[in-house]
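Let me begin by presenting the structure, written as structure tokens, before commenting on it.
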Amino acid sequence: MKNGFIAVGQTLLTQLADTIQRHPKRLTALVAALLLGGGGGAFAVASFAPDPSDLPVREVLEAVQPLPLVEQAEALDTHRFNLFRSDLTRSSDTADTLLKRLGLNDAAAAAFLRNDANARIGLLGRAGRNVTVEASDMNELLKLQARWSPDDGGNFQRLVVEKTPQGFASRIETAALTASSRLAGGIIRSSLFAATDDARIPDGVAVQLAEMFAGDIDFHRALRKGDRFSVVYETLEADGEPLRTGRVLSAEFVNDGKTYQAMWFQEPGQKGAYYTLDGQSLRRAYLTSPVAFSRITSGFAMRLHPIMNKWRAHTGVDFAAPTGTPARTVGDGVVEFAGTQNGYGNIVIVKHRGADSTAYAHLSRINVRRGQQLSQGDIVGLVGSTGWATGPHLHFEFRVNGVYRDPMTIARQTEAVPVSAAARPAFDKLAASMRVQLSSAATVQQASAQ
């Protein structure tokens, strides 16, 4: 019986060996599947390696060079780094408050700024000036620079205060502004200034934009929701930092479905001006507004007089503006009267070409004298509330042969002057370039709207 079991076992082993030889891959896959799947069984793997306790043990000692951490730590202790900060000055700034806002704690620097003549001229009490400082890691002043543009020219001034071995020193330098172009655009939702604010366009650009198209668009009454504009304008930079807005180079305005385009061009030997892209000048004999983009509070019509409480013809247009706002002449002329007249209060009357004259009333201050020659845009006085006025505003009148006319219609009735034939080739070349830039600006405006 025992020999029979042995014989059967030998036969099975022989068949198993034969199967392994003929199908090694299948068997390997079967074993792998059982191991990975768990298969419900347990498998033991016998180790044929020697027992670790029987292995020989050997101790090795080697010298290790220490890392130069001490030297590095000492180098870090002696290392010094500088900090750079920038801000805009405020009219209320003192030496101490300015330095504190810039993160500096330097009593010696504050004392120097308080007593330095250059710092008093170019820094303290001067609002809106770009100031940068270089400080030590101990928050002590090493160098201060303040930049500003003294006028509309092409230069800027730079105040430099530096720490030297002998103490602080200062100087004022003059350098050239660098002009670069920027593209922008917006959509009218409520007003022009609201749209330019949304598009982060400076107010100076908005004012220029309104004045460029004032002869074609009544920005007080004719704007429509959904009107859009594109503009290319200069930014003047000092040491790589924007310092002020330059001139609008070209612009497009779509008002109530009608498109207006303009660009700046200067003929040789003449003053520059804005022209349509087909060469017609936008400069006309009269501006439509004596105040740079202000709101009309009372038009040229019958009205209930706010003081007399009677219906009377309003012989001019009232522009709302804070006291002290500059009032400008709308055209070239000569001052015919500058003084006080009854309900007008302080008034300036300017005689223009032919039988035309304009009046600027309720002024808080008169800046011109009788007989003075004026050019379009010159300041005649400052807005106020003298005479019969319930609040600060400018009362503006236009008279032809002594007869009152609606000032808002006069500018649009004057003719434009085209580009001269000699300058036409240069103009057309520039106009082609401006069309491309305005197209790019329109793309910027559409992207910002989305």
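The values are calculated or read from the model by the stated rules, or taken from the named source; none is laboratory data. Because the structure is a prediction, the values reported are computed rather than measured. Cβ placement follows ideal geometry from the backbone for every residue including glycine, while neighbour counts extend to all protein chains displayed. Heads up: the accessible areas ignore ligands, DNA and RNA and are worked out on the full protein's heavy atoms, side chains in. Shrake-Rupley method; radii C 1.70, N 1.55, O 1.52, S 1.80 Å.
Summarising the label geometry, the points placed 7 Å from Cα in the beta-carbon direction at Arg424 and Glu140 lie 7.1 nm from one another.
Checking the Cα-Cα distances for Lys100/Lys163; Lys225/Lys429; Lys271/Lys351 against a 25 Å cut-off, the pairs over it are Lys225/Lys429.
Accessible area of segment 205-263 with a 1.4 Å probe: how many percent of it is carbon plus sulfur? Carbon with sulfur: 38 percent of the solvent-accessible area. So the label point goes 7 Å from the Cα of Val403 along Cα→C-beta, right? Which residues of segment 335-372 then have their backbone N under 11 Å from it? Inside the label zone: nothing. In segment 333-385, the portion of solvent-accessible area held by carbon and sulfur atoms comes to 41 percent [1.4 Å probe, whole percent, DNA, RNA and ligands not counted].
For Asp278, the solvent-accessible surface computed with a 1.4 Å probe is close to 90 Å², ligands and nucleic acids excluded. The modelled label-to-label distance for the pair Asp96/Gln341, using points 7 Å beyond Cα in the direction of Cβ, is 5.5 nm. Sequence-distant contacts, meaning Cα pairs under 8 Å at least 6 residues apart, place the relative contact order of segment 317-450 at 25 percent.
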